[in-house]
Amino acid sequence: MEPEQNRGGRPRRYARRTVAKSVPLDPAIYDELVRRSPNNISRAVNDLLADALEQDKVREAVHEMARLLDVEIDTDVSAKAAAEFEAIFQRVERRRADRAARSAVA
Amino acid sequence: MVVLDALPVQLGATLVTSGAVVVEAAQHTSSYLRQAPSSWERDRAAAFFSWFFVAVRLHELAAPTVLAAVENVSRCRQDMAPGSRRRSAPTVSDGLTAEVLRDVQAAILISDDGKDFGALLPDCDFEQLSVTEALRLAGAG
């Protein structure tokens with residue numbers, strides 16, 4: 001079976017669409033990219049851009065849904081919700097870690 | 001029913017759902033479209049449905065997982081006492097959504113069927129928000 005990625009780590013189906021473009025990077029951003037993916041900066045940039053574009057699509061969808069419902073997105077409420085969600089994520093993560101530790105002992 | 005997984009996107013989470021929920025949502029939307037008072041209302045409902053599935057990621061299940069979901073639902077129904085006062089047992093749709101929750105290791109489940117998911121996923125650790133609580137968090141009253 002043909003591997004899904006080429007030697008550069010990019011999806012094989014995009015191999016013929018690869019575009020080389022020189023983009024000046026801020027030194028701090030470059031250092032962070034090297035830290036994240038020391039052997040393949042292009043892949044790190046591609047992954048980050050894919051995530052950012054996906055988030056943009058989701059954000060656009062949320063705004064369109066709000067428009068269709070005739071409601072306004074309250075950024076203060078969003079910040080409060082983010083804090084509440086974060087508290088839940090931390091509680092669940094702690095419980096899962098405790099459970100894993102107990103399993104390891106048993 | 002929508003589940004939130006632990007991938008850090010907007011609000012530190014990603015909205016994920018199952019194919020079974022997509023079908024349920026399509027049925028509700030289709031039912032509304034037939035009764036909508038005007039073509040303007042119909043267009044809005046159809047547009048909302050489309051945007052919803054841009055905002056929510058559909059998680060595909062592998063064939064063995066689909067089979068396991070159906071078997072899990074059967075086990076839960078058998079475990080329910082014959083004289084149970086519960087109005088309903090878990091549905092296949094609940095079972096499939098539960099497997100999505102397990103697959104993505106979701107931290108939060110948004111659903112009003114808490115007891116069903118507790119029975120379907122006794123070994124999973126997650127927290128549940130009712131639809132009302134989720135809407136309150138989103139600032140919708």
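Residues of the range B:88-110 being in a helix (DSSP H, G or I) and either touching a Lys or Arg at 6+ places or on another chain (Cβ under 8 Å) or of a type outside the set (S, T, N, Q) (or both), which ones? Hits for the range B:88-110 are B:Val92, B:Asp94, B:Gly95, B:Leu96, B:Ala98, B:Glu99, B:Val100, B:Leu101, B:Arg102, B:Asp103. The requirement of being at pLDDT 85 or above, in contact with a strand residue (DSSP E or B) (Cβ under 7 Å, 6 or more places away or on another chain) and within 14 Å of chain B (Cβ to nearest Cβ) is fulfilled nowhere in the range A:49-66; no residue meets it. Exactly one residue out of A:Arg94, A:Arg99 is at the interface with chain B (Cβ under 9 Å from one of its Cβ atoms), out of contact with any Phe, Trp or Tyr (no Cβ under 7 Å at 6 or more places or on another chain) and at pLDDT 85 or above, and it is A:Arg99.
Flag set for A:Asn39, criterion: exposed (fewer than 13 other Cβ atoms within 10 Å of the Cβ) and either within 30 Å of B:Leu137 (Cα to Cα) or modelled with pLDDT of 80 or more (or both). Just one of the listed residues (A:Leu48, A:Leu68) is touching a helix residue (DSSP H, G or I) at 6+ places or on another chain (Cβ under 6 Å) and surrounded by 11 or more Cβ atoms within 10 Å (Cβ to Cβ), and it is A:Leu68. Could you tell me whether A:Asp76 is loosely packed, with under 14 Cβ neighbours inside 10 Å, without any contact (Cβ under 8 Å) to a residue 40 or more places away in the chain, at the interface with chain B (Cβ under 9 Å from one of its Cβ atoms) and farther than 19 Å from B:Arg57 by Cβ? For A:Asp76, the condition - loosely packed, with under 14 Cβ neighbours inside 10 Å, without any contact (Cβ under 8 Å) to a residue 40 or more places away in the chain, at the interface with chain B (Cβ under 9 Å from one of its Cβ atoms) and farther than 19 Å from B:Arg57 by Cβ - is met.
Here is a check on your reading of the model: is B:Ala69 crowded, with 19+ Cβ neighbours inside 10 Å, modelled with pLDDT under 90, assigned to a helix (DSSP H, G or I) and touching an Asp or Glu at 6+ places or on another chain (Cβ under 9 Å)? Answer is no for this residue.
Suppose we keep only residues that are in contact with a strand residue (DSSP E or B) (Cβ under 6 Å, 6 or more places away or on another chain) and without any contact (Cβ under 8 Å) to a residue 24 or more places away in the chain within the range B:118-136. Which one would you say is nearest to A:Ala81 (Cα to Cα)? Looking at residues that are in contact with a strand residue (DSSP E or B) (Cβ under 6 Å, 6 or more places away or on another chain) and without any contact (Cβ under 8 Å) to a residue 24 or more places away in the chain, I get B:Leu129.
The values are calculated or read from the model by the stated rules, or taken from the named source; none is laboratory data. The structure displayed is predicted, hence computed values, not measured ones. Reconstructed Cβ throughout: ideal geometry from the backbone, glycine too, with neighbour counts over all protein chains shown.
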